[in-house]
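Computed from the coordinates by the stated procedures, all read-outs in this text should not be read as laboratory data. Because the structure is predicted, anything quoted here is derived from the model rather than measured. Heads up, the Cβs are rebuilt from the backbone with ideal geometry, glycines too, and the neighbour counts pull from every protein chain shown.
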Amino acid sequence: MQIGTRWPVGGEPPAAVPVAMRAAIADEERTLVELGADTAAWRWTLTFLEGQPVVELDDGTTIRLDGDDVLVTREQP
């Protein structure tokens, strides 16, 4: 069993987050800055589903691995 964790937007992701997912997180955070989103209170949540890491942002954005691919899903307003 793997335990998840939370960290703030702009913070360093935990070591359990794979490099490919870190790049997707950084891209998402850059997009939020470009949009002028106030993310001061937002957090990322790392959980594990069937042994695979899943990262979700407080706005509903989800980043997960699918084989060698990184999938990013955004909630539509």
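The table below lists the values:
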{"read-out": "The one condition in (1) over 11 Å from the mean Cα position of the chain (by Cα); (2) surrounded by 13 or more Cβ atoms within 10 Å (Cβ to Cβ); (3) under 21 Å from Gly4 (Cβ atoms) that Asp59 fails to fulfil", "value": "(1)"}
{"read-out": "Some residue of region 40-55 being polar (S, T, N, Q) and farther than 18 Å from Gly4 by Cβ", "value": "no"}
{"read-out": "Neighbours by Cβ (under 9 Å, 6+ apart or cross-chain): first from region 24-45, farther than 23 Å from Asp69 by Cα and touching a residue at least 24 places away in the same chain (Cβ under 8 Å); second loosely packed, with under 10 Cβ neighbours inside 10 Å and among the small types (Gly, Ala, Ser)", "value": "none"}
{"read-out": "Selection count, region 12-50, where residues are part of a loop (DSSP other than H, G, I, E, B) and surrounded by 12 or more Cβ atoms within 10 Å (Cβ to Cβ)", "value": "8"}
